[in-house]
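*Asks:* Structure provided below as structure tokens; questions to follow.
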Amino acid sequence: MVDRRILENFDWWLFLATLLLMAIGFVNLNSASAATGYPYQYKQLQWYIAGTFFMLLFMFIDYRTLMVYSFWIYIGTLILLCLVLVVGRTVGGSQRWISLGIFNIQPSEIAKLTMAIVLSSYFCNDEKPEYGFSDLVRPLILTLIPVALIYPQPDLGTALLLVFIFASITYLVKIRWTVIVSVLAFILAAIPLGWSILKPYQKKRVEAFLNPESDPFGAGYHLIQSKIAVGSGGILGKGYMHGTQAHLNFLPEVHTDFAFSIWAEEWGLLGATCLLMIYAVIVYRGLIIASHSRERFGAFLAFGITAMIFWQMFVNMCMVVGLMPVVGIPLPLISYGGSSVIVTLMGIGILLNIRARRYLFQQSSMGVWR
Amino acid sequence: MKNLVRPLCLIRRFNTEEQKVHSSRISFAMIAVALCLVTLFAKLWYLQVIKSGELRAMSEKNRLRVVRLPAPRGKILDRNGRLLAGVTPCFNVCIVKEEARDLESLLRKLIPILRESEAEIRIQLAKGKREPLYMPIVIKRRIDWDTLCRIEASSYRLPGVYIETVPDRTYPYGAIAPHLIGYLGQVSEKELRNNSFPGTRPGDMVGKYGVEAVFNRELSGRNGLRRIEVDATGGPVRILDERPPVPGNDIYLTIDLDLQRAVQQALDDKVGAVVVMNPNNGAILAMASSPFFDPGLFIKGISEKQWKRLQDRTKKPLFNRAIQGQYAPGSTFKIVTAAAALQEKVVTPSTTYFCNGAFRLGRRVFRCWNWRGHGRTNLYKAISQSCDVYFYHVGLELGIDEISKYAMAFGLGSRTGIRLPGEAKGFVPTREWKHQRYGENWQKGETLVVSIGQGATTVTPLQMARLISAVANGGTLYTPEYVEQILNSHGKIVSTFTPHPSGKLPVKPAYLRIIKEALVGAVNDEKGTGTRCRIKGFLVAGKTGTAQVREQKKRWRKKHVLWKYRDNAWFIAYAPADSPKIAIAVLVEHGRHGGSVAAPIARKVFETWIRLQSPRPAPVPQRSAQNFSQRRLHG
């Protein structure tokens, strides 16, 4: 049966913050749905319920099992990503979904979690006192394969996110500082090259970000309207269901990528700050779990998953308030999307799992595989 | 590959040294996260506190209006490109609820201008209650110029009221082939719910009848959208984006406007139907059902009086007699009986029977229409003078089974397959039917009645046009078709007319020739029944028919019979007799006599057709010369 100690080590803070986030997500989608005219909130509720089930499932299965199967998880994800390119369903110009009849899955979302698992597993096994350049080649390849499969969907946001997860985990394992610095320098140098790889619509978005007024009704439109939405909310917001920007269809994608802007518009600085705090709690608990883990895999995995949630939230919010160009990254648990919700909740389940199994490694005598 | 992610079931714990580094890196990450969140918060503060007033003002001003750009409905034209149904701009009054802050006071101001009852406007408003607030709701359609000016003049005190310009259906020739072209009507609540017409809004017009309904998809095109940013007063600031409308496809009918007009003039105020067909391919050149109606009425709105007239119980103007009316074929059916008799070798052209004006079967007497009798009668004479007694003899010899078999082979008793809804099948009685229906055996007397086209047999004018076409062209039944070609808005041909042969008459061409000769005689002989269709220098072949609606004891005192009990008049014909180019079926309800009432109508149509064939080229707007010559080939 479930060990008593698992419940003793249950991270209530993380769990409650997650539940609160889902509640906010539902309330917010209720308004966004009224604006778009399609009842997304109830579908999202189904995803929440399914996701919670997965969260509990992943909590009770020993997370070290993931390491055992990490190779197969990786291969499975790659197969799904290839499938998407071949038989994927196209929505709004991007081929991101595999249709399974009653619902669609988005393998690029799964890839986020897969990357965290696979990289943690890799670094756990590849134990070295210090990592240099040459030690990063193989994990980089591991990362770039799914990136290469996701990028042409086209889904720049998720592709970038995988790189972010990679960077976060490599930061945690002991790489030399010199490597970090030189990689950063390399990236800065490579920006002109990267510019030429970008697709025209992506270039437009970056240009629009740098100067939104240059094309206020084309690429800069989202950015301007989103800023107006957030700003017009003021300190206390316009009131629930009264966000004119969203309800008058100025804001596109109000139920997915721009979900935060309707929240900020209707609940103001107060609501936005509360949301930030909840995310802060989740990220903080995630980092604490990573920090307290006495074991490499758990620590890396906890850090990777926390990074996954943090980067999504950060990039999405930055995009909404105009700190970053528009990239399609959902706000975890707030944006509408079944795959995203379930993958995020799975990740949180794993975090809870790592936390709960902390006791296994507290005494040196118990440090054996059971 | 497997090496890269080699699963090792080993626990790699941190040693104390590593644990320290690990913790410090995570602490460092926490600081970074905190910095990121502070940045975000700072930006939020900047937007929501410092810039709040400015951005809120922008959001107040920010109003999006979605304007629908209705696609012009495709045109319907005749075979020569003359416009039968087109579009003209019309003006609708719309309300955007989101911008009309005080709807009640707005309505109070608006109602006197529109001169419309408040209830009516509220009904229109209620129809749009499911639409988003920013969507304009049409509250009155087709306002006149005067009302338009008055609304525009006071638009500043009518916030949220807009004039929408939409293309509107017009029928420039009025009541021309209304039953074929059909009409439009407002999409109903039920159709909206079932999404029968995707992309329609309440109040939109959709095809309800005829070509307008059958080809609604092709004709509708796709509506466009334009998103306009408007300021607080509703004035447009700029166009955000636009999806241009795709106009509907144009449909060229095989109908010839001149011929159609001639047909309708010839029918005049008689109740009946005419179908004119190209016997060589089944293309319908004219199709009319009288009385007519103006399809434009359904667009402008119908007054009660007009509606009553349309609902007339006896004349039924909305009923398409050409395809829905089922009538006994009368003597025109003798063509079928004659063909069956020849093919089944019951008679030869030289077989004669003696007609003394009546035929006795058992205790019953069956009369010939000519009470004086026709004397010795062979097939030629029997057809051309329409002798009933001859066909009583022949029918008796053939038997009902053969007659009904041939009737069905001639396309009776089943739909012709014309692409119009509601086509009637007609009826061919059989021995089995009698048994099933009445539980009685078939009587010989009934065979006699059927063999001259009376009794339970019913046919539609379209079926008869197809039948006479098949006789004319040597035995091929074509599916009647009325679409010449469909062009999209760029003038590209989407689909074009191809004849669809649907069957072959089971009669040897030699026998058909014998019948055709007799049909020529019926029109051109001194004693023929169809002499009223004789045209000098133009050989018409035809058959009259007078179908009883109810048995009349004394035929010569018909004048006093009530209109609705009078006989139906038939005339089916084709011309020129040697190489048929045009076939016609005329039915006049209660017209009394085919030869005197229906035949002259056919003559007028033939005369018009001859005039149209003269070398003078008809004006051809909007068509290329090449298209035109192609059309002439099979026209």
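*Asks:* Tell me, please, whether a residue that is of a type in the set (A, V, I, L, M, F, W, C), under 21 Å from A:Ile110 (Cβ atoms) and in contact (Cβ under 8 Å) with a residue 40 or more places away in the chain can be found in the range A:26-44.
*Replies:* No, every residue in the range A:26-44 fails to be of a type in the set (A, V, I, L, M, F, W, C), under 21 Å from A:Ile110 (Cβ atoms) and in contact (Cβ under 8 Å) with a residue 40 or more places away in the chain.
*Asks:* Something else now. Based on this model, can you work out whether B:Ala322 counts as more than 15 Å from the chain's Cα centre (by Cα), touching a residue at least 24 places away in the same chain (Cβ under 8 Å) and part of a helix (DSSP H, G or I)?
*Replies:* no
*Asks:* Let me ask something else about it. Quickly run through the range B:266-288 and pick out the residues that are touching a Gly at 6+ places or on another chain (Cβ under 8 Å) and in a loop (DSSP other than H, G, I, E, B).
*Replies:* B:Lys270, B:Asn278
*Asks:* Only one residue in A:Met324, A:Met313, A:Met346 is touching a Phe, Trp or Tyr at 6+ places or on another chain (Cβ under 9 Å) and crowded, with 24+ Cβ neighbours inside 10 Å. Which one?
*Replies:* A:Met313
*Asks:* So which of B:Tyr209, B:Tyr183 is touching an Asp or Glu at 6+ places or on another chain (Cβ under 9 Å) and either buried (at least 20 other Cβ atoms within 10 Å of the Cβ) or at pLDDT 90 or above (or both)?
*Replies:* The unique qualifying residue is B:Tyr183.
*Asks:* Look through the range A:297-317, keep the residues that are more than 12 Å from the chain's Cα centre (by Cα), facing chain B (nearest Cβ under 10 Å) and touching a residue at least 60 places away in the same chain (Cβ under 8 Å), and return whichever of them is nearest to A:Leu333 (Cα to Cα).
*Replies:* A:Phe303
*Asks:* Sticking with this one: List the residue pairs whose Cβ atoms are under 8 Å apart, where the first residue sits in the range A:127-141 and is facing chain B (nearest Cβ under 9 Å), the second is aromatic (Phe, Trp, Tyr) and part of a loop (DSSP other than H, G, I, E, B), and the two are 6 or more positions apart or on different chains.
*Replies:* Once the first residue is facing chain B (nearest Cβ under 9 Å) and sits in the range A:127-141, no partner that is aromatic (Phe, Trp, Tyr) and part of a loop (DSSP other than H, G, I, E, B) comes close enough.
*Asks:* Let me ask another. When the residues of the range B:51-72 are narrowed to those that are touching a helix residue (DSSP H, G or I) at 6+ places or on another chain (Cβ under 7 Å) and under 13 Å from A:Ala229 (Cβ atoms), which ends up modelled with the lowest pLDDT?
*Replies:* Step by step, filter the range B:51-72, then rank; the result is B:Asn62.
*Asks:* Out of all the residues in the range B:1-44, which are at the interface with another protein chain (Cβ under 7 Å from one of its Cβ atoms) and at pLDDT 90 or above?
*Replies:* Selection gives B:Ile26, B:Ala29, B:Met30, B:Val33, B:Cys36, B:Leu37, B:Leu40, B:Phe41, B:Lys43, B:Leu44.
*Asks:* Among the residues of the range B:86-113, how many are within 30 Å of B:Pro178 (Cβ to Cβ) and either surrounded by 13 or more Cβ atoms within 10 Å (Cβ to Cβ) or without any contact (Cβ under 8 Å) to a residue 24 or more places away in the chain (or both)?
*Replies:* Residues in the range B:86-113 being within 30 Å of B:Pro178 (Cβ to Cβ) and either surrounded by 13 or more Cβ atoms within 10 Å (Cβ to Cβ) or without any contact (Cβ under 8 Å) to a residue 24 or more places away in the chain (or both): 6 in total.
*Asks:* A follow-up question, please. Give all pairs with beta carbons closer than 6 Å in which a residue from the range B:502-520 that is part of a helix (DSSP H, G or I) meets a residue that is basic (Lys, Arg); count only pairs at least 6 apart in sequence or on separate chains.
*Replies:* The qualifying pairs are B:Leu519/B:Lys543.
*Asks:* Please find, among B:Ile468, B:Ile452, B:Ile486, B:Ile493, the residue that is touching a residue at least 60 places away in the same chain (Cβ under 8 Å) and over 30 Å from B:His374 (Cα atoms).
*Replies:* On inspection, the qualifying residue turns out to be B:Ile486.
*Asks:* Follow-up question, since we're still on this one. What number of residues within the range A:226-269 are facing chain B (nearest Cβ under 9 Å), in a helix (DSSP H, G or I) and without any contact (Cβ under 8 Å) to a residue 60 or more places away in the chain?
*Replies:* 10
*Asks:* Among residues belonging to the range A:277-296 that are small (Gly, Ala, Ser) and within 16 Å of the chain's Cα centre (by Cα), point out the one that is farthest from the other protein chains (Cβ to nearest Cβ).
*Replies:* Checking each candidate, the answer is A:Gly286.
*Asks:* Further question on the same structure: Inside the range B:409-498, counting only strands (runs of 3 or more DSSP E) that do not spill past its ends, which hold 3 or more residues that are of a type in the set (Ser, Thr, Tyr) and assigned by TED's automatic domain parsing to the domain that holds B:Val214?
*Replies:* none
*Asks:* Moving on to the next point. Of all helices (runs of 4 or more DSSP H) completely enclosed by the range A:74-185, which ones contain at least 2 residues that are exposed (fewer than 14 other Cβ atoms within 10 Å of the Cβ) and at negative phi?
*Replies:* By residue number, A:137-150.
The values are calculated or read from the model by the stated rules, or taken from the named source; none is laboratory data. The structure displayed is predicted, hence computed values, not measured ones. Note that we place each Cβ from the backbone using ideal geometry, even for glycine, and neighbour counts take in every protein chain shown.
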